[in-house]
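The next block holds one structure in the form of structure tokens; read it before the comments.
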Amino acid sequence: MRAVECGACGNQVLCEKFSPAHTQVQWTDEAAEVCPRIREKVAAGELSARVRSCGELRDSIDAAVASGLLEVGGA
Amino acid sequence: MSVQPDVSPQPMSQNEEDVRVIEAAALPTRFARGWHCLGLAESFRDGKPHEIQAFGTKLVVFQGEDDGELHVLNAYCPHMGGNLAHGTVKGNAVACPFHDWRWSGNGKCAGIPYARRVPPRAKTRAWPTLERNKQLYVWNDPEGSKPTDDVTIPEIEGIHGPDAGEWSDWSWHYLRVDNSNCREIVDNVVDMAHFYYVHYAFPEYFKNVFDGHVATQYMESSPRPDIDLGTLSASGGLRSDASYYGPSYMIDKLWADVGGGLEMESVLINCHYPIDENSFMLMYGAIVKKLPGMTDEQAEQAAQATSEGLAVGFEQDVEIWKNKTRIDNPLLTEEDGPVYQLRRWYEQFYVDAADVKDEMVRRFEFEIDTTRANEAWRAEAEANIAARKAAEAQIAAGSGS
């Protein structure tokens, strides 16, 4: 797993991609605290677990793949 | 002592180190901390005490005659061990059939008609209860702590919301599963491929999110064209958004394409409570949102049909579980879901609250690439249809000659 930093908030997560469509994300801090987007939903009464994903983080993971920082199918 | 999986002796020539050996530690000796649904609340409101075999013991559920509340106590009377579930409700207490000792919903002895005084320590275990979504839940905690608000069972909007009138009532079913630990059903949360083989659907989109005490499965699927289940839910595409809130209670929101640009919205419950370490009571139910022009009766029928479709699915699961072995070291491909991470999440309910590790509750996301799997499955389904057509043509040709 490789560390990927979110371009929007600077939070770091650990990522792995077996293929372009596969994505694994391991958060290393409390998502509801470190991700402003999830924090916003939690403030509105949603459980952080019920937020499917953070769009900004997804974009950052795609960017990490495009820049070669995150290898697809790599160990 | 664990039951060792049945491994047949290997041929002498085979190198033992090349063979994958199934590992299975002893079954857990404790039961998960969390809310467990016991069924529809209404089913306990007949004025009688009800016996529930759960958590390796027996419980009694009864409704107080004056307070109207549902209470859950240990079934066995601390006096001489009589079974309160075979007794009677008297006022707000349940009376033991053996010597008529009365037990209140809070566990205190409410009276012993033949005795001059009640012993000072006459208190039995009262289990915390919650009534919501027209269901009754009981809290299990081996450490004896009370439930907190952050792990409560959420309200289902179709039950309590302003548009509750647009939803059908619950259809509800019980299925006792023996010789199987309830971890088997929880494993289904991540098991993408079994939806094709066991439930006859193409899972086209599949993502899991584990965070805190909640584990979610997002899935989009369509039915296999080579199998006709004859159920409503199998007629078109399906979106499913299913979360376990705690160890045993899943709310599954479903949107089914029923043709004509219409989507049928339903909520399924998939829940269980452990009977003992090697059997559990599986329960499932459904409510459906009335489509425009649908009468109450038609909505009930749709809920019934939906849960009959569920019944087929769960019976297929049970058939697998009762014949499979427990496996702690599953051998996985990239198309299999995150079984190990799911079990890491599930582990939080089996350790003391103080021993819940960050890794068990930290957010984890896993989106499977379903492309390769669906290509293979589509081809297989088409081959099945072609083979069936060829066989039918042959029969037709034979009868025509």
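The values are calculated or read from the model by the stated rules, or taken from the named source; none is laboratory data. These numbers come from a predicted model, not from an experiment. Using ideal geometry, Cβ is built from the backbone for each residue, glycine included, and neighbour counts are taken over all protein chains shown.
Numbers at a glance
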read-out	value
Any hit, region B:82-99, residues being out of contact with any helix residue (DSSP H, G or I) (no Cβ under 7 Å at 6 or more places or on another chain) and either assigned by TED's automatic domain parsing to the domain that holds B:Gly246 or of a type in the set (Lys, Arg) (or both)	yes
Any hit, region B:303-319, residues being in contact with a helix residue (DSSP H, G or I) (Cβ under 8 Å, 6 or more places away or on another chain) and part of a loop (DSSP other than H, G, I, E, B)	no
Subset of region B:208-220 (residues that are within 7 Å of chain A (Cβ to nearest Cβ) and at negative phi)	B:Val209, B:Asp211, B:Val214, B:Thr216, B:Tyr218
A:Glu16 acidic (Asp, Glu), surrounded by 14 or more Cβ atoms within 10 Å (Cβ to Cβ) and more than 10 Å from chain B (Cβ to nearest Cβ)	no
Test: residue in region A:31-44 that is over 30 Å from B:Asp149 (Cβ atoms) and more than 10 Å from chain B (Cβ to nearest Cβ)	no
The one condition in (1) surrounded by 14 or more Cβ atoms within 10 Å (Cβ to Cβ); (2) assigned to a loop (DSSP other than H, G, I, E, B); (3) touching a residue at least 40 places away in the same chain (Cβ under 8 Å) that B:Gly47 fails to fulfil	(1)
Residue match in region B:148-169 (condition: among the aromatic types (Phe, Trp, Tyr), surrounded by fewer than 16 Cβ atoms within 10 Å (Cβ to Cβ), in contact (Cβ under 8 Å) with a residue 40 or more places away in the chain and in the same structural domain as B:Lys289 (by TED's automatic domain parsing))	no
Given (1) surrounded by fewer than 22 Cβ atoms within 10 Å (Cβ to Cβ); (2) closer than 30 Å to A:Val34 by Cα; (3) within 14 Å of chain A (Cβ to nearest Cβ); (4) touching a helix residue (DSSP H, G or I) at 6+ places or on another chain (Cβ under 7 Å), number of the condition B:Tyr205 does not satisfy	(4)
Yes/no for B:Val339 being in contact (Cβ under 8 Å) with a residue 12 or more places away in the chain and in contact with a Pro (Cβ under 8 Å, 6 or more places away or on another chain)	yes
Extreme residue, farthest from the other protein chains (Cβ to nearest Cβ), among residues of region B:363-376 that are farther than 14 Å from B:Tyr205 by Cβ and touching a residue at least 60 places away in the same chain (Cβ under 8 Å)	B:Phe364
Residue tally, condition part of a helix (DSSP H, G or I), touching a strand residue (DSSP E or B) at 6+ places or on another chain (Cβ under 6 Å) and not polar (S, T, N, Q), over region B:334-353	1
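Let's see how each residue does on (1) of a type outside the set (Asp, Glu); (2) under 11 Å from the mean Cα position of the chain (by Cα):
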{"residue": "A:Phe18", "(1), (2)": "yes, no"}
{"residue": "A:Val25", "(1), (2)": "yes, yes"}
{"residue": "A:Thr28", "(1), (2)": "yes, yes"}
{"residue": "A:Glu46", "(1), (2)": "no, no"}
{"residue": "A:Cys54", "(1), (2)": "yes, yes"}
{"residue": "A:Asp62", "(1), (2)": "no, yes"}
{"residue": "A:Ala66", "(1), (2)": "yes, no"}
{"residue": "A:Val72", "(1), (2)": "yes, no"}
